[in-house]
Amino acid sequence: MELFFNPFDNLLCILLGISFTVWFTLLLVFIIVPAIFGVSFGIRRLYMKTLLKIFEWATLRIERGAKEKNHHLYKPYSNAIIAREPTSLEEEIKEIRRSGSNKDLDSVSEFEMSDIFYFARRGVESIMDDEVTKRFSAEELESWNLLTRSNNNFHYISLRLTVLWWLGLLIRYGILLPLRVTLAFTGVSLLVFLTSLIGLLQNGRMKNVLSEKVHLMCYRICVRALTAIITYHDSENKPKNGGICVANHTSPIDVIILASDGCYAMVGQIHGGLMGVIQRSMVKACPHIWFERSEVKDRHLVAKRLSNHVQDKSKLPILIFPEGTCINNTSVMMFKKGSFDIGATVYPVAIKYDPRFGDAFWNSSKFGMVSYLLRMMSSWAIVCSVWYLPPMSREEGEDAVQFANRVKSAIARKGGLVDLLWDGGLKREKVKDTFKEEQQKLYSKMLVGTQEDRSRS
């Protein structure tokens, strides 16, 4: 039987082999090796500055093109309600009664039909400017960043912008996405393999040192898989062993952002699939705290395991996100009190992302984990700042809720975020009846209190 060999097939195989060799050599020299030693060549920051100049140019072209063609420029959402100075419930009801009644304006001892307008107005204001719901959607941008989510019509304003948009699409999906997927696969594979290998060693100083080095190396590779450009501030306040690190929560990548600058003991629920494989390998090398699904709701069990961990000063600080859900990085919502009731030193950390390069917020009700990671890896970059705040301890006479609110306020101030008292659980749940009853009690207390004052006089 005669065999025929096509010389073009051999040439194609040789070219593919050379391409893969060059590809992995560049990855090894410029990304993986620097990640191992924690050094940077400054390429990512130069890339960020270049993007900013391109965004500025594109925004100017948009404004110019919109003026010439009378297009409607994209503007962030503005509230339809004019902000008023905050006043008390009693003062506002008096104001409503004053506008339509000749009765005693200083008395609110009896119910009047006009009082309904106060609650109706507050309801409409909440619908028009709901400070809770808007925290679970992507942050609005004032300028176009060549990503579709900014404005779908921007790239049609001029031929130059159209070409630029398509060029950006080609770069993001044709070059950056394959590069990032390769790096992510490399980082996760090394993490699973090396932590499983370290798990075979006996507990001791050598095992702890190797575990920390491996975790840092792998997380730094994963950070480069997102082209993350992170600026860390006040590193002298970094969390120490035996403490609890608490931070505002925007995305699952918050863990990678923080863990690439220091090692932490993770807390979470045991998962299946790939995440379960990663968790089982990590816990062999480092004492992470994983809970079964049935154990998560047992607050006493969770608190006991956390307390036992922080009492051992040789163990890594615990990393916790007390909000319990992802917020769009414009505010900080209510902290759950569990991690503040243990009595350990708390190390607050504020994380602030720059949405111009990519939206880091994970809207779990809209995107699954795979589609979210695809959005992250196809964005321009992840740019953020991290502030390590001085350690805080529970003061005398302060309960866990007050301590949690004090820490939350400190994080909000440092990160330039809005400090909200609302529970992030409202993202998926209805408003609790206690919130409604609170307003009812406030109104009834006002009526009853006024009647008592009049009877005394």
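The trypsin sites (Lys or Arg not before Pro) of region 246-322 that DSSP puts in a loop, and whose beta carbon has at most 11 other beta carbons within 10 Å, are LYS297, LYS313. Among beta bridges identified by DSSP and lying wholly in region 159-427, the antiparallel ones come to about 25 percent.
With 0.36 nm allotted per residue and the present C-alpha distance subtracted, the ASN241-LEU167 stretch has 21.9 nm of extension available. Pairs with C-alpha atoms separated by more than 21 Å, drawn from the list LYS207/LYS284; LYS304/LYS414; LYS238/LYS284; LYS352/LYS408, are LYS304/LYS414; LYS238/LYS284. Taking a ≥ b ≥ c as the square roots of the eigenvalues of the Cα gyration tensor of region 159-427, is the shape rounded (a/c under 1.5), prolate (a/b larger than b/c) or oblate? Since a/c reaches 1.5 but b/c is at least a/b, the shape of region 159-427 is classed as oblate.
For the peptides 340-346, 328-334, 13-19, residues were scored by their other Cβ atoms within 10 Å and the scores averaged per peptide; the highest-first order is 328-334, 340-346, 13-19.
Inter-label distance, LEU16 to THR182: 1.5 nm, where each label sits 7 Å from its Cα along the C-beta direction.
Full extension of the segment from ILE43 to THR345, taken as 0.36 nm per residue of separation minus the current Cα-Cα distance, would add 105.0 nm. Our summary gives region 159-427 a relative contact order of 25 percent, counting only alpha carbon pairs under 8 angstrom and 6 or more residues apart.
Determine the shape class of region 188-252: with a ≥ b ≥ c the square roots of the Cα gyration tensor eigenvalues, call it rounded for a/c under 1.5, and otherwise prolate if a/b is greater than b/c, oblate otherwise.
oblate
Using C-alpha pairs under 8 Å with a sequence gap of at least 6, the mean separation divided by the residue count of region 357-420 gives a relative contact order of 27 percent.
Overall, region 159-427 carries a charge dipole of about 620 debye about its Cα centre when +1 sits on the Cβ of Lys and Arg and -1 on the Cβ of Asp and Glu, all other atoms neutral.
Every number here is computed from the coordinates shown, using simple stated rules; none is lab data. Small disclaimer: the values here were computed from a predicted structure and weren't measured. Backbone-built Cβ (ideal geometry, glycine too); neighbour counts: all protein chains shown.
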